[in-house]
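Right, one structure below, let's go through it.
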Amino acid sequence: MRKFVTISVIFTCLFLFGCEPQAPDVVAGVTSDSWGRLPDGREVTLFHIVSPSGMKMDVTNYGGIITSLTAPDRNGKFDDIVLGFDSLESYLENTPYFGAIIGRYGNRIAEGRFSLDGENYELALNNGANHLHGGLVGFDKVLWDAEPFSDEENHGVIFKYESADGEEGYPGNLSVEVKYRLTPDSRVVFSYKATTDKATPVNLTQHTYFNLAGPASNSILGHELMITAAEFIPIDSNMIPTGELRAVDGTPFDFRKPVTIGERINAGGKQLEYGRGYDHNFVLPIVATSLNLVARVFEPSSGRIMTVITTEPGLQFYSGNFLDGTLVGKGGVVYEHRSGFCLETQHFPDSPNQSAFPSTILRPGETYSSHTMYAFTAE
Ligand code: GLA
């Protein structure tokens with residue numbers, strides 16, 4: 001009888017309101033447990049965030065890493081749609097930035113060098129001759145202070161980190177706050193804030209790898225991608241921007257109408273060769289400081305849709321080209337070549353050396369502020 005009542009409620013709900021069936025065991029909120037210790041003995045926490053819609057997100061204060069995120073398919077079936085590992089040890093061993101907060105500067109800075117206010121700075125080199133994603137110990141590899149919060153129907157965690165003057169070569173003490181929030185309408189919202197006591201470049205982002213087909217799917221090439229950008233940023237053979245903003249017209253970088261990721265990824269040309277596929281920044285037609293819909297991904301087998309909304313001027317589309325079948329992820333799934341994609345909202349790469357790019361310099365007295373949402377639906 002109880003089963004019948006539950007089923008009727010679900011069907012009435014679907015019929016009358018078209019709403020998602022809510023799993024009967026959903027208890028929205030945030031819980032946490034210990035996730036082990038770092039080599040220096042500090043304890044790491046894993047938070048479990050549940051939204052009223054039944055979406056679940058697990059995040060740890062080590063690197064602010066999203067270890068798991070579930071979203072419903074067109075039949076209301078929830079699946080984990082992000083790449084990652086089962087244990088803290090695997091993240092400590094070797095990870096291509098799965099799920100992590102990236103900073104102080106997301107993306108590459110040529111030769112790790114820049115000058116600012118007449119001073120020359122040299123950053124840690126961790127990507128051949130270049131500096132990538134904050135250096136040897138970027139924000140993806142530090143332990144953040146973390147506080148769970150719930151306000152009305154939103155649940156999440158606020159991460160804080162004090163990055164010391166000189167860390168990885170950067171000037172100034174930087175106070176960083178990153179808020180992760182799950183909303184009742186199945187959005188994941190990231191809000192970044194930072195202040196400094198000395199001028200410094202700042203470019204924060206989030207490096208989650210998605211596969212909307214679910215955890216065991218070993219390719220993203222069938223996902224249909226739309227990006228609103230009319231221009232992208234060509235790179236040289238070291239993946240550093242040449243400084244040009246190039247029109248996407250007539251190139252494999254034109255995603256203004258949805259195209260599968262696989263359709264033109266092997267089309268050849270210097271850009272796809274240098275990126276080993278897509279690993280490029282797209283110039284977003286943004287209205288500064290307001291939230292703009294900049295990308296949409298549709299996965300045909302599950303019907304899952306991910307929409308990207310941001311205040312940032314750039315979007316790094318990375319098609320998982322460095323995944324090569326050597327990493328064994330959650331539940332023993334082997335991460336094959338191009339089995340996950342990233343859509344990293346950010347300022348353009350190497351901006352501290354490119355005077356024509358929007359500035360990434362934060363000065364004392366200013367507050368860095370950036371917002372991005374990933375919204376999940378299905379059809
Ligand atoms: C970013 C970079 C890529 C690669 C990945 C991590 O997206 O642009 O080149 O380094 O991170 O593997």
Ser302 fails exactly one of the following numbered conditions: (1) without any contact (Cβ under 8 Å) to a residue 40 or more places away in the chain; (2) more than 22 Å from Tyr97 (Cβ to Cβ). What is the number of that condition? (1)
Output the number of the condition that Phe298 fails; it satisfies all remaining conditions of (1) open to solvent by 50 Å² or more (accessible area, probe 1.4 Å); (2) out of contact with any Phe, Trp or Tyr (no Cβ under 8 Å at 6 or more places or on another chain); (3) of a type in the set (A, V, I, L, M, F, W, C). (1)
Out of everything in the stretch 116-144 that is aliphatic (A, V, I, L, M) and within 15 Å of Pro349 (Cβ to Cβ), what residue ends up being surrounded by the fewest Cβ atoms within 10 Å (Cβ to Cβ)? Ala129
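Determine, yes or no, whether Gly331 is on the phi > 0 side of the Ramachandran plot, open to solvent by 40 Å² or more (accessible area, probe 1.4 Å) and not in a loop (DSSP other than H, G, I, E, B).
On the way: on the phi > 0 side of the Ramachandran plot: yes; open to solvent by 40 Å² or more (accessible area, probe 1.4 Å): yes; not in a loop (DSSP other than H, G, I, E, B): yes.
So Gly331 passes the test.
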Could you please find all residues in the stretch 334-376 being over 17 Å from Thr205 (Cβ atoms), open to solvent by less than 30 Å² (accessible area, probe 1.4 Å) and in a loop (DSSP other than H, G, I, E, B)? Tyr335, Arg338, Ser339
Cβ-Cβ below 6 Å, separation at least six or inter-chain, first residue in the stretch 274-289 and at positive phi, second open to solvent by less than 10 Å² (accessible area, probe 1.4 Å) and among the hydrophobic types (A, V, I, L, M, F, W, C): which pairs? Gly277/Ile265
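Condition check: in contact with an Asp or Glu (Cβ under 9 Å, 6 or more places away or on another chain), at negative phi and small (Gly, Ala, Ser). Does Ser319 satisfy that? Before you say what the answer is, go through the steps one by one.
Values: in contact with an Asp or Glu (Cβ under 9 Å, 6 or more places away or on another chain): yes; at negative phi: yes; small (Gly, Ala, Ser): yes.
When the stated conditions are applied, Ser319 passes them.
Would you please name the residue that is nearest to the ligand (Cβ to nearest atom), looking only at residues in the stretch 111-130 that are in a strand (DSSP E or B) and charged (D, E, K, R)? Write out each step before concluding.
Narrowing the stretch 111-130 to residues in a strand (DSSP E or B): 113-116, 119-122, 127, 130.
Adding the requirement that they be charged (D, E, K, R) leaves 113, 119, 122.
Working: Arg113: 19, Glu119: 27, Glu122: 21 Å.
Filtering the stretch 111-130 for residues that are in a strand (DSSP E or B) and charged (D, E, K, R), the one nearest to the ligand (Cβ to nearest atom) comes out as Arg113.
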Does at least one position in the stretch 239-248 carry a residue that is crowded, with 19+ Cβ neighbours inside 10 Å and in a strand (DSSP E or B)? yes
Residue check: is Thr326 of a type in the set (Ser, Thr, Tyr), within 16 Å of the ligand (Cβ to nearest atom) and surrounded by fewer than 16 Cβ atoms within 10 Å (Cβ to Cβ)? yes
Against the definition (modelled with pLDDT of 95 or more and assigned to a loop (DSSP other than H, G, I, E, B)), how does Pro171 come out, yes or no? yes
Of the numbered conditions (1) buried (at least 20 other Cβ atoms within 10 Å of the Cβ); (2) more than 18 Å from the chain's Cα centre (by Cα); (3) among the hydroxyl-bearing types (Ser, Thr, Tyr), Tyr318 satisfies every one except a single condition; which is it? (2)
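Please determine, by comparing only the residues of the stretch 81-104 that are part of a strand (DSSP E or B) and in contact with a Ser or Thr (Cβ under 7 Å, 6 or more places away or on another chain), which one is farthest from the ligand (Cβ to nearest atom).
Just the residues of the stretch 81-104 that are part of a strand (DSSP E or B), to begin with: 82, 101-102.
Subset that is in contact with a Ser or Thr (Cβ under 7 Å, 6 or more places away or on another chain): 82, 102.
On the way: Val82: 15, Ile102: 8 Å.
Ranking the qualifying residues of the stretch 81-104, first place goes to Val82.
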Are any residues in the stretch 166-185 more than 18 Å from Tyr62 (Cα to Cα), of a type in the set (Gly, Ala, Ser) and open to solvent by 10 Å² or more (accessible area, probe 1.4 Å), and if so, which ones? Gly166, Gly169
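Could you run through the stretch 131-166 and say how many residues are among the basic types (Lys, Arg) and either touching a His at 6+ places or on another chain (Cβ under 9 Å) or away from the ligand (no atom under 16 Å from the Cβ) (or both)?
Residues of the stretch 131-166 among the basic types (Lys, Arg): 141, 160.
Next cut, either touching a His at 6+ places or on another chain (Cβ under 9 Å) or away from the ligand (no atom under 16 Å from the Cβ) (or both) only: 160.
Qualifying residue count for the region: 1.
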In the stretch 329-364, which residues are farther than 30 Å from Ala194 by Cα and either away from the ligand (no atom under 16 Å from the Cβ) or touching a residue at least 24 places away in the same chain (Cβ under 8 Å) (or both)? Gly329, Lys330, Gly331, Gly332, Val333, Val334, Tyr335, Glu336, Arg338, Ser339
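The values are calculated or read from the model by the stated rules, or taken from the named source; none is laboratory data. What you are looking at is a predicted structure, and each value in this text was computed from that prediction instead of being measured. Because the Cβ atoms are built from the backbone with ideal geometry, glycine has one as well, and the counts that use them run over all protein chains shown. Side chains are part of the model used for accessible areas, which takes the heavy atoms of the whole protein and leaves out ligands, DNA and RNA. Shrake-Rupley method; radii C 1.70, N 1.55, O 1.52, S 1.80 Å.
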